[in-house]
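The values are calculated or read from the model by the stated rules, or taken from the named source; none is laboratory data. Just so we're clear, the structure is a prediction, and the values are computed from it rather than from any experiment. When we count neighbours, we look across all protein chains shown, and the Cβ atoms used for this are built from the backbone with ideal geometry, even at glycine. Remember, those area values only see protein heavy atoms, side chains included, never the ligands or the DNA or RNA. Shrake-Rupley method; radii C 1.70, N 1.55, O 1.52, S 1.80 Å.
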Amino acid sequence: MIVADCVHRHKEQRGLETYFLTGTDEHGINIERAAERAGRTPQEQADFVVSYFTKMTSAFSLDSDHGGYDIFMRTTYPFHAEGVTKFWREVVKSKTPKGREAIYKGHYEGWFCAPCAAYKTEDEYTKPEQPDQPPLCLIHEAPLDRVSEESYFFRLSDFGDALLELYEERPDFIRPEARRNEVMSFVRGGLQDLSVSRLKSSVKWGIPVPDDPAHTIYVWFDALTNYITAIGYGNEEREQAVGFEKFWPALHMVGKDILRFHAVYWPAFLMAAKVPLPRGVMAHGMWVDQVGRKMSKTLGNTVELDVLQRHFPIDAIRYFCLREMVFGQDGRFGYESLIDRTNSDLASGLGNLSSRTLTMIDRYCEGRVASGRIPEEKLLLAKRSGIDTDETTIAGFVEHARDDFLLHFDNYAFSRALETAWSIVARVDKMISDAKPWDLAKDENQRETLNAVLYRAAESLRWLCVLLYPVMPESAQGIYTQLGLGAAGKNSSLAAIDPAQLKWGGLEKGTRIGEVKPLFPRIEKGKLMSEIKSESSTGIHATEADAVPGAKAEKTQPLPPMRHATEADAVPGQAEVLSTANAQRAEQLSIEGLIDINDFTKVELRVGEVLTAERIPKADKLLLLSVDLGEDKPRQILAGIALHYEPEKLVGRKIAVVSNLKPRKLRGFESQGMLLAASVGEEGKPVLATFTEEVPNGARLK
Ligand SMILES: [Zn+2]
C-alpha cells in the first residue's frame with residue numbers, strides 16, 4: 001500500500017490524474033467461519049476487521065484524509081454486487097476463444113483452503129502425518145477442507161493460447177521478468193477449468209449467482225471484479241462519480257502470492273466479458289526477516305504494525321520500504337536495520353544537510369536566502385577558497401540526478417531512485433565541507449562566496465523536497481516549509497510540483513526561511529530495541545484478533561509472541577491445534593534431546609570464499625580473513641586456525657560460514673561470522689568444511 005501510495009503521489013505530481021484503490025474482499029467461507037466463532041454476523045465481522053484496517057491506514061497516513069487512497073474498496077458495497085452481477089452475465093453470454101460457453105455447470109471435488117479461498121493442487125499442500133487428517137496449506141499451515149459439490153465452472157482451459165499471446169505481445173504486462181516467466185510456464189503447462197461458484201448450502205456469505213440463487217459466486221471472481229466496479233462498471237451513479245472510461249485500464253500492484261489470480265484468471269475473465277485488459281500487473285516480493293526467513297506465526301518473527309507505528313516516524317518506515325527492498329524481490333526487515341537506515345540516511349544524511357544549511361542561512365544571512373551569484377571581481381577570491389565558481393557544475397549534477405531518479409521511478413526501481421537522490425545529498429555535503437562556510441563567514445570579502453555556497457545547498461534541498469515528496473510527504477513538506485516555501489499560494493504544496501519541470505535557480509533570493517527544526521531525531525538503538533523487545537514479550541499487540549472473544553484464553557499460554565497477526569488466526573480452534581503441537585514438540589525435546597527443524601533454521605549457514613587471509617600480531621592462533629558471502633561487501637571473520645593453515649593457501653577457498661552470528665570482538669577486531677571446521681583428535685585440530693563441487697558464494701546450506 002505504501003508503494004502504491006508513492007506511485008500515486010508521484011503520478012499526480014507529474015500531472016496525471018490517478019485513482020488509487022485499495023481495500024478488502026469480504027466474502028467467502030473464511031469470514032463466514034470467523035464471524036460464527038466471534039458470535040457476529042458476517043457483515044459485522046467484515047465491518048469489524050475493516051475498522052481495524054482503516055484505523056491502521058489512517059495511522060500510517062495512507063487514507064484519503066492524508067492524501068492517500070481515493071477509495072477503501074469493500075466488496076460488500078451494494079454497487080459492487082450490481083457490477084459483479086453484470087460481469088457474470090456478460091461472461092455467461094460469451095464464448096471462449098475456442099467457441100464454447102465460457103461458463104458451464106459441473107461437479108467439483110478437491111481440497112480447498114479457506115484462508116486462501118482457493119482449491120489446492122498436490123504441490124500446494126503438505127500431506128498429513130496421519131492418514132485421517134486433512135493436508136495443510138503451504139501458505140497458511142492450516143487444514144484444508146474436502147469439497148465435493150455441484151459448481152459452475154469457468155472454461156479457463158480454452159484461454160491458454162490467448163493468455164500466452166497476451167504475455168508475448170505485451171512483455172511488460174507482468175513484471176518483474178522472473179515472475180512473468182513463472183506465469184508463462186504455468187500457463188504453458190495447461191490450464192484447468194476453474195470452479196467459480198459454491199452451493200449456498202456450503203457457502204452462504206457471497207454474492208448469489210445471477211438467476212441461480214442456490215449458488216454463490218466464488219470469492220475471487222467477485223473480488224477481482226472490484227477493480228472495475230469501484231470506478232463505475234455496472235453502476236451508473238459510480239460511473240458518473242468516478243469514471244470507468246476515464247480510469248480503466250488500471251495498473252495492479254499485488255503480492256507475488258496472488259499473482260496467478262491477477263495475471264491468469266483476471267485477464268481471462270475480462271477477455272470473456274469483453275472488457276479491456278489491465279495496463280499491467282506488478283508483483284512485489286515479501287518481507288522476510290533479518291536472516292532471510294519467511295515471516296511466520298510459528299517462528300514468531302512477524303512484524304506488528306502497531307509496534308512499528310508507535311516507535312518510528314511514518315516517513316522513516318516509508319523510506320525504508322522503498323529503499324531496502326529491490327521492488328519485485330523479497331526484502332529483509334529487521335527493527336535494527338530500520339533504525340540504522342533512519343539514523344544514517346535520514347538523521348545524518350538528509351536531516352543533517354537540511355538543518356546545517358538552514359542554520360547557516362539563519363546565522364550568516366539573517367534568515368534570508370541570498371543571491372547565488374558571485375560578481376566578476378570576486379571570482380578569483382572565491383576560487384582561492386576552494387569553491388567551484390561555475391554554478392552550472394552543481395546545477396548539472398542535480399539535474400542529471402533528477403533525470404535518473406525519474407527514470408528509475410518510472411521503472412519501479414525505487415531503491416535505485418532513492419540512491420540517486422542521496423547522491424545529491426552526498427554531493428552537497430561535500431561542497432559544504434570543502435567550502436567551509438564557517439571560515440568564509442569570518443571574511444567580509446568572501447560574503448558573496450558564502451552566499452553562493454548556501455544558495456546552492458538550499459536550492460538543492462528544494463529539488464530534493466520535490467523529488468522525495470511521494471516517498472516522504474510529511475518530511476519533504478516540512479523541509480520545504482523550513483525553506484520558506486510552504487506558505488499558501490502558488491507552489492505551496494509539493495503534491496502539485498512536477499519534478500520534471502524543475503529549473504535550477506527557482507529558489508528566489510530574499511526568501512525568508514521558516515523556523516529551523518530537526519526532522520529526523522537520531523534513534524537510540526539500544527534503548528529502542530530493548531523497548532520493542534519488552535513489549536513483544538508482554539504481548540501488547542493491539543491487533544483486532546485480540547478482541548475476538550474466545551481467542552483470549554489462548555493468550556495465557558506461553559506461546560511465541562506476535563502470533564495473532566491476521567484475522568484467520570483469531571479462530572480459537574486453530575490456535576488450540578497449534579499450541580498442542582507445540583507442547584508435543586517441547587516434550588520430545590526434553591526426552592530425546594532433539595531439536596525442532598525451526599531451531600535448526602535459526603542458524604544461517606552460507607557458502608563463502610576467502611578473499612584475503614593474514615596473521616594477527618601477538619595472536620598466534622588467529623587468522624584475520626575477509627570472506628565473500630555474496631553480499632555487498634566481504635565479511636571480516638576471525639578464525640582460530642592459524643596453527644594449522646597457512647594464510648596464503650586459504651585464499652580462493654570455498655568454506656562454510658555461520659552468517660547470522662552476532663558480531664564479536666576478538667583482539668580488537670570485529671568478527672562477523674564463524675567458519676565451520678571439524679575438530680579432530682585430542683588437540684582438536686581444525687579441518688575446514690569445504691565443497692567438492694562448484695558452488696556460488698552466498699548459497700545457503702540447509
Ligand atoms: Zn492457504
> How many percent of the accessible area of segment 125-219 is carbon or sulfur, using a 1.4 Å probe?
Replying inline: 49
>> For a 25 Å ceiling on Cα separation, which of these pairs sit above it: Lys297/Lys633; Lys105/Lys246; Lys120/Lys294; Lys294/Lys533; Lys297/Lys602; Lys55/Lys297?
In response: Lys297/Lys633; Lys105/Lys246
> Which residues' amide hydrogens lie under 5 Å from the amide hydrogen of Ile174, considering only partners 5 or more residues apart or on another chain, with H built in the peptide plane?
Replying inline: Val281
> Along segment 223-233, what does the Karplus equation 6.51 cos²θ - 1.76 cosθ + 1.60 (θ = phi - 60°) give for ³J(HN,Hα), rounded to whole Hz, x for Gly and Pro?
Replying inline: 5, 4, 5, 4, 4, 9, 5, 4, 9, x, 5
> What is the Cα centroid distance between segment 627-702 and segment 154-213, reported in whole angstrom?
Replying inline: 48
>> What are the ³J(HN,Hα) couplings of segment 76-88, residue after residue, when phi is run through the Karplus curve with 6.51, -1.76, 1.60 and θ = phi - 60°? Round to Hz, x for glycine and proline.
In response: 9, 5, x, 5, 5, 4, 4, x, 5, 4, 4, 4, 4
> Using the Cβ atoms and a cut-off under 11 Å, what net charge is assigned to the surroundings of Asp63, where Lys and Arg are +1 and Asp and Glu are -1?
Replying inline: -2
>> From the helices alone, meaning DSSP H stretches of at least four residues, give me the mean residue ellipticity at 222 nm for the chain, per-run term -39500 (n - 2.57), in deg cm²/dmol to the nearest 500.
In response: -12000 deg cm²/dmol
> So, counting K/R as plus one and D/E as minus one, what does the shell of residues with Cβ under 12 Å around Asp289 add up to?
Replying inline: +1
>> Which order do you get for His400, His80, His140 if you rank them by accessible area with a 1.4 Å probe, largest at the top?
In response: His400, His140, His80
> Which ³J(HN,Hα) values, rounded to whole Hz and listed in residue order, are derived for segment 328-335 from phi using the Karplus coefficients 6.51, -1.76 and 1.60 in 6.51 cos²θ - 1.76 cosθ + 1.60 with θ = phi - 60°, glycine and proline given as x?
Replying inline: x, 9, 6, x, 8, 10, x, 4
> Given R₀ = 22 Å, FRET efficiency for Lys98-Ser201 by Cβ-Cβ distance, to 0.05?
Replying inline: 0.10
> Where does the longest stretch of the chain lie that holds no GluC sites (Glu not before Pro) found in a DSSP loop with 10 or fewer other Cβ atoms within 10 Å?
Replying inline: 130-365
> Can you give the relative contact order of segment 411-543 as a percent, counting alpha carbon pairs under 8 Å and 6+ residues apart?
Replying inline: 18
>> Loop-only trypsin sites (Lys or Arg not before Pro) in segment 279-359, please: DSSP not H, G, I, E or B, and at most 15 other Cβ atoms within 10 Å.
In response: Arg279
> Got a number for the accessible area of Lys525? Probe 1.4 Å, square angstrom, nearest 10.
Replying inline: 80
> From the Cα gyration tensor of segment 1-105, with a ≥ b ≥ c the square roots of its eigenvalues, which class applies: rounded if a/c is under 1.5, or else prolate if a/b is larger than b/c, or else oblate?
Replying inline: oblate
> If you take the square roots of the eigenvalues of the alpha-carbon gyration tensor of the chain and sort them as a ≥ b ≥ c, do you get rounded (a/c under 1.5), prolate (a/b over b/c) or oblate?
Replying inline: oblate
> Under the definition of Cα pairs under 8 Å and six or more residues apart, what whole-number percent is the relative contact order of the chain?
Replying inline: 11
> Which trypsin sites (Lys or Arg not before Pro) from segment 360-436 combine a DSSP loop assignment with at most 14 other Cβ atoms within 10 Å?
Replying inline: Arg373
>> For the chain, which cysteines have no second Cys with its Cβ under 4.7 Å from theirs?
In response: Cys6, Cys321, Cys365, Cys465
>> Going by amide H atoms built from the backbone, whose H comes under 5 Å of the H on Ala677, apart from near neighbours?
In response: Ala689
> How much accessible area per residue does segment 242-334 have, in Å², with a 1.4 Å probe?
Replying inline: 35
> Can you give the accessible area of Asp362 in Å² (nearest 10), computed on protein heavy atoms with a 1.4 Å probe?
Replying inline: 90
> Which net charge results when you count Lys and Arg as +1 and Asp and Glu as -1 among the other residues whose beta-carbon is under 13 Å from that of Arg341?
Replying inline: -1
> When all protein chains stay in place, what accessible area (Å², nearest 10, 1.4 Å probe) is found for Trp205?
Replying inline: 50
> Hey, if we sort Met271, Met529 by accessible area with the 1.4 Å probe, largest down, what's the order?
Replying inline: Met271, Met529
> Counting only residues 5 or more places away or on other chains, whose amide H sits under 5 Å from the amide H of Val209 once H atoms are built in the peptide plane?
Replying inline: His215, Thr216, Ile217
> Taking square-rooted eigenvalues a ≥ b ≥ c of the alpha carbon gyration tensor, is segment 48-148 rounded, prolate or oblate, where a/c under 1.5 means rounded and, failing that, a/b exceeding b/c means prolate?
Replying inline: oblate
>> Explain nothing, just the number: relative contact order of segment 222-294, from Cα pairs under 8 Å at least 6 residues apart, as a whole percent.
In response: 29
>> Straight-line reach only, C-alpha to C-alpha below 21 angstrom: list the lysines that Lys685 could link to, leaving out same-chain residues fewer than 8 apart.
In response: Lys618, Lys621, Lys649, Lys654
>> Whole angstrom only: what separates the Cα centroid of segment 42-58 from the Cα centroid of segment 214-287?
In response: 22
> So what is the diffusion coefficient of segment 1-40 in µm² per second by Stokes-Einstein at 4 °C and 1.567 mPa s, using a Kirkwood Rh over Cα pairs?
Replying inline: 101
